Amino acid sequence: MKIGHLSVASLHMMEDFGFHGAVIRHLSDLPLSDGAVGYTPGLKQAAQAFKTVFQEWDDAVNATSGPTPAAVAKKIDRQRVRTWREMRAFVRASMAFPDEKVAEVARRAADLFKAYGNMPQKSETGRSGRMKNLTDTLRNLGTEALEKARLTPFLEKLEQENEVHFAATERRAMARGARVKGLLRAKRMATDAAYHTLVETVNALILVNGEAPYQAFTASLAGEISHAHTKLATRRTILAKHRAARKAKEEANS
């Protein structure tokens, strides 16, 4: 299975950052050691180039993440950390629930919380991508499982707070002026280009060597791409509804 297309440029800045952060974590699934089945110097070079430019983007984000001029960004960040703590505490408590099906969902959710790390210990910008990846992965547990374990209200609240924070960081970046925006945009574009090169390299190798050596990576990436497509589709639907409502209002007033 080749890696599907995703227009990463269509994502919000920090959504794109979070997506690439997830790709970085999946690089260990690729055969990057000399002698491994499916390894090539070109694959190793593409993976290393991607890691390098992403680290430069990460450094640029951290270097420009000083005190926010928008109080709402800090406020919503503190709130989403509280929601994260409350949900994690609920998940941990539910692991001992008498209903084994509920307990199993809680254990799986607890593993995901552990995998993405202690959010309060991360920087505000570092939390953004991890929070999004966590909520997307929790969604993978399935609607029925989330409802059964009573996790849906927590997850919806955390997702909403992430969306508000993404919007706030976009406004904050705009407030910092053209120099900062230009720097982050350049680093993002370089990371996006390196990602596409990596995808093209893996897809080309699949044609030559077959799927097996790259299957773990492509399967993981397919999940990340699917989440991103869902996010973009939802955004387009909401935008279309807003435009239709605005047009109907204008026609009614004309």
Query raised in the report: Using the membrane-span-like helix rule (whole DSSP H runs, Cα extent along the own axis of at least 30 Å, mean Kyte-Doolittle hydropathy at least 0.0), which helices of the chain qualify?
Result: 178-209
Query - Electrostatic dipole magnitude of the range 1-113 [Cβ: Lys, Arg +1; Asp, Glu -1; Cα centre; debye, to 20] - result: 420 debye
Query raised in the report: If you compute Rg and Dmax of the Cα atoms in Å for the structure shown, which of (1) 18.3, 71; (2) 19.0, 61; (3) 20.2, 71 do you land on?
Result: (3)
Query - Extension gain from ASN209 to GLU147, taking 0.36 nm per residue of separation minus the Cα-Cα distance - result: 18.1 nm
Query - Separation of alpha-carbon centers, the range 182-254 and the range 7-35, rounded to whole Å - result: 12 Å
Query raised in the report: Which links in LYS51/LYS181; LYS2/LYS51; LYS2/LYS181; LYS187/LYS241; LYS51/LYS74; LYS122/LYS187 stretch past 23 Å when you go from one Cα to the other?
Result: LYS2/LYS181; LYS187/LYS241; LYS51/LYS74
**Report entry** Three-way shape call for the range 1-127 based on the alpha-carbon gyration tensor, with the a/c threshold at 1.5
**Finding:** oblate
Requested in this report: Would you list, by chain and number, the aspartates and glutamates whose Cα falls below 14 Å from the Cα of LYS249, excluding same-chain residues fewer than 8 positions away?
Outcome: none
Query raised in the report: Using the 10 angstrom Cβ neighbour count as an exposure proxy, how do PHE113, PHE54 rank, fewest first?
Result: PHE113, PHE54
Report summary line: Partner aspartates and glutamates whose C-alpha sits under 20 Å from that of LYS44, ignoring same-chain residues fewer than 8 away, are ASP29, ASP34, GLU56, ASP192, GLU200, GLU211
Report summary line: Each label sits 7 Å from Cα toward the beta-carbon; between LEU27 and THR230 the label points are separated, in nm, by 2.7 nm
Query raised in the report: Tell me, in nm to one decimal, what length is gained between ALA93 and ALA245 on full extension, where the rule is 0.36 nm per residue of separation less the Cα-Cα distance?
Result: 50.3 nm
Requested in this report: Among MET131, MET13, rank each residue by its count of other Cβ atoms within 10 Å, from fewest to most, as a rough exposure measure.
Outcome: MET13, MET131
Query raised in the report: Over the chain, what is the relative contact order in whole percent, taking alpha-carbon pairs under 8 Å and six or more residues apart?
Result: 39 percent
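Every read-out reported here was derived from the displayed coordinates using simple, explicitly stated rules and does not represent laboratory data. Because the structure is a prediction, the values reported are computed rather than measured. Backbone-built Cβ (ideal geometry, glycine too); neighbour counts: all protein chains shown.
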